[in-house]
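The values are calculated or read from the model by the stated rules, or taken from the named source; none is laboratory data. It should be emphasised that the depicted structure is a prediction, and the values quoted were computed from it without experimental measurement. All Cβ positions, even for glycine, are placed from backbone atoms using ideal geometry, and neighbour counts span all protein chains on display. Just the protein is used for accessible areas: all its heavy atoms, side chains included, with ligands, DNA and RNA removed. Shrake-Rupley method; radii C 1.70, N 1.55, O 1.52, S 1.80 Å.
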Amino acid sequence: MLYAILCYHDEAVVGGWSKDEDDAVMAKLAVVHGKLAQQGRLGPVARLLPTTAATTLRKDEPPVVLDGPFAETKEQLLGFYVVEAENLDGALEIAQELGRANPGGAYEIRPIGVFHGAFQS
């Protein structure tokens, strides 16, 4: 069984790290990544860019696009898709298509930086 491990932290704290502090954390994580990869247990690893880069598609009728991560607090993150799109408009088209198949709730669209590739077959 695969598990998603969603990392939460105070964005202001992490964003306030110096380059050296961030590099030190990433070096420690690289050790864990290496161990898990060697065991064949590491899938995609992504670091979401700041919430200031987020866009939310409210799947209302008609759909509403908002700047920022504006899901209701009564909603929980249930999973995520990693999709490739040329730009935000392309990503919104994909989210709208997913929204038509899955009523209710919201999709938060955020650019990501990939630090490790997918499982090797």
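For the range 44-62: of the residues being part of a loop (DSSP other than H, G, I, E, B) and surrounded by 15 or more Cβ atoms within 10 Å (Cβ to Cβ), which is nearest to the chain's Cα centre (by Cα)? It comes out as ALA54. Selection of the range 8-18 for residues being loosely packed, with under 10 Cβ neighbours inside 10 Å and of a type in the set (A, V, I, L, M, F, W, C) yields ALA12, VAL13. Every residue in the range 83-106 that is open to solvent by less than 90 Å² (accessible area, probe 1.4 Å) and either modelled with pLDDT under 65 or closer than 20 Å to TYR3 by Cα (or both), please. Of everything in the range 83-106, just one residue is open to solvent by less than 90 Å² (accessible area, probe 1.4 Å) and either modelled with pLDDT under 65 or closer than 20 Å to TYR3 by Cα (or both), namely VAL83.
Only residues that are β-branched (Val, Ile, Thr) and open to solvent by less than 100 Å² (accessible area, probe 1.4 Å) were counted in the range 19-39, giving 2. Only a single item in (1) of a type in the set (Asp, Glu); (2) farther than 23 Å from ARG110 by Cα; (3) touching a residue at least 40 places away in the same chain (Cβ under 8 Å) is not met by GLU11, and it is number (2).
Within the set ALA53, ALA4, the sole residue that is touching a Lys or Arg at 6+ places or on another chain (Cβ under 8 Å), aliphatic (A, V, I, L, M) and within 22 Å of ILE109 (Cα to Cα) turns out to be ALA53.
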